[in-house]
Amino acid sequence: MENKIKLWEENVPEALGSDDKDIPTLTLYLPKPDKATGAGIVICPGGGYHGLAPHEGEQYALWLNEQGIAGIVLKYRLASGGYHYPAIFYDVARAMRCTRFMSKEWGIDSNRIGVMGSSAGGHLSSLILTHFDKGNNDSDDPVERQSSRPDLGILCYPVISMSLEIGHAGCREALIGRDPSPELIKLASTELNVKEDTPPCFLWHTYEDAGVKVENSLVFAEALSKAKVPFELHVYEKGHHGLGLGSTEYDPSKWLPWTTECGFGC
């Protein structure tokens, strides 16, 4: 099953217009009923905050469906469309709230909703993992009353830090500008915002990644460890940036079974 819905029917926060690029959406991929486990994952494709890579969106969702997990692909707003922080963050937070609000209708357990992202999408996922909230009980919008907290995170070769030393310069400029304040750099460097209530995470990266330094995953894992948040980290020697589900250089079977082995998909 595939279905596309708008995150907001009207009054999109920070909207610059009403064209397709201004309208964030979710595309829903549900597993066959006889395979469904009740788990769901919001998927944030990568693309440097300038694009959305299909192989890190739809292809993930279809694979998750084979495991009985609902895949919910987020089309978030982009720097190429004039958007930056906080508009892009609003989109992922709303995606979590919408999925939780619609969970019963979609056959998803509201306590088993994760977030998954690659590269810049990994950074966006790490933002909601570290900056979620419980929802606004006073809101007239029932969606906004929902928690935006993921129940787990899957970060694939993610951008994490906004530091000049290990961060990705293009993602940094696209999200927070050419001359961001120290406060904004700290807020968007998610390794600096891990807390005890950060959800458990699975991370993977490759040593050879020339697009996003492996140190991004390492510093996030270190922060999780210090906060005593459960995590699993895999660093593989071979593999270029943007692998998605794998290539001739890399065997994805080394990480793909994790979502079921960890109990989340069972």
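The values are calculated or read from the model by the stated rules, or taken from the named source; none is laboratory data. The model shown is predicted, which means the values in this text are computed figures rather than measured ones. Reconstructed Cβ throughout: ideal geometry from the backbone, glycine too, with neighbour counts over all protein chains shown. Note: areas computed on protein heavy atoms with side chains; ligands, DNA, RNA excluded. Shrake-Rupley method; radii C 1.70, N 1.55, O 1.52, S 1.80 Å.
When you go through (1) in contact with a Lys or Arg (Cβ under 7 Å, 6 or more places away or on another chain); (2) part of a helix (DSSP H, G or I) one by one for residue 27, which number turns out not to apply?
The one condition residue 27 does not meet is (2).
Can you pull out the residues in region 190-207 that are part of a loop (DSSP other than H, G, I, E, B), open to solvent by 80 Å² or more (accessible area, probe 1.4 Å) and closer than 15 Å to residue 132 by Cα?
195, 196, listed by residue number.
Filter region 68-102 for residues that are among the basic types (Lys, Arg) and open to solvent by less than 10 Å² (accessible area, probe 1.4 Å) and give the result.
77
Filtering region 30-42 down to residues that are in a loop (DSSP other than H, G, I, E, B) and touching a residue at least 40 places away in the same chain (Cβ under 8 Å), which residue is surrounded by the most Cβ atoms within 10 Å (Cβ to Cβ)?
Residue satisfying both the conditions and the ranking: 39.
Kindly provide the set of residues from region 115-129 that are part of a helix (DSSP H, G or I) and hydroxyl-bearing (Ser, Thr, Tyr), ordered by number.
Matches in region 115-129: 125, 126.
Looking only at region 9-29, how many residues end up being more than 21 Å from residue 70 (Cα to Cα) and either of a type outside the set (D, E, K, R) or open to solvent by 40 Å² or more (accessible area, probe 1.4 Å) (or both)?
The total comes to 14.
Considering only residues of region 146-172 that are free of Cβ contacts under 8 Å to residues at least 24 places away in the same chain and part of a helix (DSSP H, G or I), which is most open to solvent (accessible area, probe 1.4 Å)?
The qualifying residue most open to solvent (accessible area, probe 1.4 Å) is 169.
Looking only at region 43-67, which residues are part of a loop (DSSP other than H, G, I, E, B), open to solvent by 30 Å² or more (accessible area, probe 1.4 Å) and in contact with a strand residue (DSSP E or B) (Cβ under 8 Å, 6 or more places away or on another chain)?
Correct list: 52 only.
Using the structure shown, decide if residue 118 is hydroxyl-bearing (Ser, Thr, Tyr) and in contact with a helix residue (DSSP H, G or I) (Cβ under 6 Å, 6 or more places away or on another chain).
For residue 118, the condition - hydroxyl-bearing (Ser, Thr, Tyr) and in contact with a helix residue (DSSP H, G or I) (Cβ under 6 Å, 6 or more places away or on another chain) - is met.
Out of (1) of a type in the set (Val, Ile, Thr); (2) part of a helix (DSSP H, G or I); (3) in contact with a helix residue (DSSP H, G or I) (Cβ under 7 Å, 6 or more places away or on another chain), the odd one out for residue 99 is which?
Failing condition for residue 99: (3).
Being open to solvent by 10 Å² or more (accessible area, probe 1.4 Å) and assigned to a helix (DSSP H, G or I) is the filter here, so list the residues in region 130-145 that pass it.
142, 143, 144, 145
Exactly one condition in (1) in contact with a helix residue (DSSP H, G or I) (Cβ under 6 Å, 6 or more places away or on another chain); (2) modelled with pLDDT of 95 or more; (3) open to solvent by less than 20 Å² (accessible area, probe 1.4 Å) is not met by residue 265; state its number.
(2)
When you check residue 179 against the structure, is it open to solvent by 30 Å² or more (accessible area, probe 1.4 Å), in a loop (DSSP other than H, G, I, E, B) and closer than 17 Å to residue 114 by Cα, yes or no?
no
I'm trying to understand the selection: among the residues of region 208-232, which are out of contact with any His (no Cβ under 8 Å at 6 or more places or on another chain), aliphatic (A, V, I, L, M) and surrounded by fewer than 17 Cβ atoms within 10 Å (Cβ to Cβ)?
Within region 208-232, 227 is the sole residue that qualifies.
When the residues of region 202-231 are narrowed to those that are in contact with a helix residue (DSSP H, G or I) (Cβ under 6 Å, 6 or more places away or on another chain) and not β-branched (Val, Ile, Thr), which ends up modelled with the lowest pLDDT?
If we take residues in region 202-231 being in contact with a helix residue (DSSP H, G or I) (Cβ under 6 Å, 6 or more places away or on another chain) and not β-branched (Val, Ile, Thr), then 205 is modelled with the lowest pLDDT.
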